[in-house]
Amino acid sequence: DAIHRSGLHKIALVRQTTIPGNDPDIVRLHTMLRNALPEPEFHIAREGGECYATQNRQESLVRGIEQYHPQAVLVLTASNSSNGRALVRTAESYGGPVLYAEYPDELMELVEQSQAMRSAQAVLLVAAASVIQPVIDSAIEQICSLAESLGRQCEVQLPWLIDKEREPELKPPRLP
């Protein structure tokens, strides 16, 4: 009703490709607009519009949380990466401590300052699409080194992190 009184006649909901369609804020906004405006006054632009790298990493993060039940999540991401921010937000939605940094050394400084991280028995590491493999490998080495210094074993499982077969085939969308 407030939308009609504002004089707006048509609304389209467009989201950034790194924000999944099931994001709680998007779902809430979609529901609110759908209830307020009938078609064709309200339209969602391409409901399944996540980029593949983002979707793949977010799904991998959720699978990792469900499979391993980590007490902590570590995210390697550049501070200006929308993909990384989406990963952090997804991890935070599951509860438990989430730390993120661009470089393994920075991430490990945060881990060493956090008692919750140091006492975690299972830690999940995920990397944004822009993080290169040597940086991920360095983070894994440092996490394992810390675990061993605390008298714990380090078991690393990588296959679920990313579908490397499909990601290199990504092409930018064609403009109309």
Quiz item: How many percent of the accessible area of the range 71-114 is carbon or sulfur, using a 1.4 Å probe?
Solution: 45
Quiz prompt | Accessible surface, per residue, of the range 96-154 when the full set of protein chains is kept, probe 1.4 Å, Å² | solution = 56
Self-check item: Residue-by-residue Karplus 3J(HN,Hα) for the range 70-75, coefficients 6.51, -1.76, 1.60, Hz, glycine and proline x
Solution: x, 7, 8, 10, 10, 10
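Compute the FRET efficiency between A122 and N35 as 1/(1 + (r/R0)^6), taking r as their Cβ-Cβ distance and R0 = 45 Å, and round to the nearest 0.05. Could the numbers behind the result be given before it?
Numbers: r = 41 Å, r/R0 = 0.91.
Computed FRET efficiency for A122 and N35: 0.65.
Relative to the present Cα-Cα distance, how much length would full extension add between Q133 and L150 at 0.36 nm per residue of separation?
Numbers: separation 17, 0.36 × 17 = 6.12 nm, distance 2.58 nm.
So the extension gain works out to 3.5 nm.
The values are calculated or read from the model by the stated rules, or taken from the named source; none is laboratory data. A quick note: this is a predicted structure, and the numbers were derived from the prediction, not measured. No Cβ is skipped: glycine too gets one built from the backbone with ideal geometry, and neighbour counts run over all protein chains shown. Side chains included, ligands, DNA and RNA excluded: accessible areas come from the protein's heavy atoms. Shrake-Rupley method; radii C 1.70, N 1.55, O 1.52, S 1.80 Å.
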